[in-house]
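I have placed the structure first, in the form of structure tokens, so that the comments after it can refer back to it.
The values are calculated or read from the model by the stated rules, or taken from the named source; none is laboratory data. In this text the structure is predicted, and so the values were computed from the model without any measurement. Glycine gets a Cβ as well: all are built from the backbone with ideal geometry, and neighbour counts include every protein chain shown. For the accessible areas, the whole protein counts, side chains as well, though only heavy atoms, and no ligand, DNA or RNA atoms are used. Shrake-Rupley method; radii C 1.70, N 1.55, O 1.52, S 1.80 Å.
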Amino acid sequence: MTYRKRKFEIVRKFMNPELIKDMRIVFARDKDKRRPDKEREIRLGQNLVALFEDLGPVFIKFGQILSTRRDIFSDDIINELEKLQDDVKEEDFSYIKEIIEEEFARDIEDIFVEFDRKVLATGSIAQTHLAYIRTDDSVKKVVVKVRRKDIEKTVSEDLSIIRDLYRKYQNKLNFIESFDLGEVLEEFGKTLRKEIDFKNEKENILKYREDNQRSSDLSSPDVYENYCGKSVLTIEYINGKTIRSSYDKDPEIRKALAKKIIKAYTNQMFSYGFFHADPHPGNIFVDSENNLYLIDFGIVSTLSENYRYQIIKIFLGASLNEVSLVTDAIIGMGLLAFDSKKIPIFERRIQKLLDKYMAMNISQLKLVELIEDFYRLLVDFSIKIPSELTNFGKTILTVEGLIEKLVPEESFIALAIPLARPMALKLLSPDIVSNRILKNTYDSASFIKELPKASLNILRQLERGDFALVQRKGEKEMDLYKKVEEKKSISLIFLAFALILSSTILALSLLGIRSKYFLIFLGLSLLISFLAIIVLLVRIFRDKNK
């Protein structure tokens, strides 16, 4: 099919009057326009599923991504979109054989000891087969994942069409106010391009296995690098079933599985900063001994140390009902500029949000509702949520949905808090806090170093008239003004330096640091402070004698 015909096909199938009408009502941000309508939302979900399946692999994958976005869609729509996880038409074996032989430039019989023609599982991007390989004089059972026919070309063309159509019809889609469709599509495109290259997935598995070696971590299949390429991925066979098979097990077993999943994801996110970002039920396997495994590492994400630290501050601020901690964390993430007029309004909204959830019993709290309210608050203040935080929130909500299915009688938050508390305390430990203090001290020193130059630049701009002043001064007055400001700047430098130095020493002392390096640092600090005071006194004495 040509590019133009494919584009026309996509437009024609999306121009369904019933679909557009339902989307206008369901996705409107204005609460007066949005009416709770279970029947309408189920119908919309069903129509989206039928549409995505009809349009092929790229749209099926888009629907699967949307099925994890509980921050955007209601449970009724999510329940329908989740049906896209299964039942994808299988690829003909002749093509699978062709792809494998092309990847390794050998006959399939020379690569594998045995290769099962029967399909093990199908997906929108690839399908899997069982096979056997020879390693270290032994034969191992493996799973071979092979990309679908022409998927790279299909993905490239469909993403290009989607991008073009969004640009063309962006103004007509302004009724979708509850989320930024452009950002969702952009993030989807980036994720999908990475996912179809199995070299990325191989590296993700190796990275995950390197990090997750604790007994409390979820296991993952081994990867056989000599049998991997851009279109083929060969991994260890896991003799188990998806976590769905555990939904009817004994309550105590299900609770133990739920706790392990929560604990493992706490480690991934806050200890390692690298996590499996697609934990839907089909990607978590459990064996006969109730050991848990994560599979399908096409979608992973990271969380920087700063974001980890600030997220803990948000949870700490929420639990202590301290609005200033929450605001400080959001500023620390770089999401909110410090604005003396905006901050009080923002903090009042945060307080209103905290009051709503503090009044609830912990068993009544729904993380999906809390994050939805929090994201809406950020949107109202024109705060753009970075993909790093979007992926974090999306993954947490997917885990919450999984836990609710596994142990519907338990509260996700009630289970998570005792498991996450030690990690929070670890991130606020003396070692980490002292490291952040030292980093901030370095930043402050850089600021002090640049302050005289910045002050003089401002003075020069004032002198040139680059800044509008209420009253312009004469040359003599300006010279005098410049001298006074220079002296003020120098005094401020000494004052700032003294404050930073003293606060750093105090913080290190309170943290109990008593090493020989600290004593050397203390001695040098006192010497520098003494010299600074002498210089300041000399300047004051000299100025008096002029």
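The set of residues in the range 23-61 that are open to solvent by less than 90 Å² (accessible area, probe 1.4 Å), outside any loop (DSSP other than H, G, I, E, B) and modelled with pLDDT under 85 comprises 23, 25, 26, 57, 61. Starting from the range 182-195, take each residue that is closer than 22 Å to residue 147 by Cα and at pLDDT below 85 and list its partners that are assigned to a helix (DSSP H, G or I) and aromatic (Phe, Trp, Tyr), counting only C-beta distances under 6 angstrom and pairs at least six apart or across chains. Here the result reads 188/62, each pair linking the range 182-195 to a residue that is assigned to a helix (DSSP H, G or I) and aromatic (Phe, Trp, Tyr).
Number of residues in the range 350-387 that are open to solvent by 80 Å² or more (accessible area, probe 1.4 Å) and either within 27 Å of residue 182 (Cβ to Cβ) or of a type in the set (A, V, I, L, M, F, W, C) (or both) equals 5. The residue pairs whose first member lies in the range 107-129 and is surrounded by fewer than 14 Cβ atoms within 10 Å (Cβ to Cβ), whose second member is among the aromatic types (Phe, Trp, Tyr), and whose beta carbons are closer than 7 Å, counting only pairs six or more residues apart or on different chains, are 113/132; 114/132; 117/93.
Evaluate the following for residue 238: is it β-branched (Val, Ile, Thr), under 20 Å from residue 133 (Cα atoms), in contact with a Phe, Trp or Tyr (Cβ under 9 Å, 6 or more places away or on another chain) and not in a helix (DSSP H, G or I)? Spell out the reasoning first.
Details: β-branched (Val, Ile, Thr): yes; under 20 Å from residue 133 (Cα atoms): yes; in contact with a Phe, Trp or Tyr (Cβ under 9 Å, 6 or more places away or on another chain): yes; not in a helix (DSSP H, G or I): yes.
The answer is yes for residue 238.
Taken over the range 110-144, the criterion of being under 38 Å from the mean Cα position of the chain (by Cα) and closer than 13 Å to residue 226 by Cβ is satisfied by 133, 135, 140, 142, 144.
Applying the criterion of being under 28 Å from the mean Cα position of the chain (by Cα) and small (Gly, Ala, Ser) to the residues of the range 231-267, the residue that is most open to solvent (accessible area, probe 1.4 Å) is 256.
Reported count of residues in the range 87-106, each being buried (at least 18 other Cβ atoms within 10 Å of the Cβ), hydrophobic (A, V, I, L, M, F, W, C) and not in a helix (DSSP H, G or I), is 1. Annotation note: of 298, 317, the sole residue that is surrounded by 15 or more Cβ atoms within 10 Å (Cβ to Cβ) and within 24 Å of residue 403 (Cβ to Cβ) is 298. Of the candidates 286, 300, the single residue that is at pLDDT 85 or above and within 16 Å of residue 398 (Cα to Cα) is 300.
Taking (1) at pLDDT 85 or above; (2) open to solvent by 90 Å² or more (accessible area, probe 1.4 Å); (3) farther than 16 Å from residue 162 by Cα in turn, residue 8 satisfies each apart from (3).
Filter the helices (runs of 4 or more DSSP H) completely within the range 242-360 down to those with at least 2 residues that are touching a strand residue (DSSP E or B) at 6+ places or on another chain (Cβ under 9 Å).
Numbers: elements: 251-266, 305-320, 323-332, 342-358.
Counting at least 2 such residues, we get 251-266.
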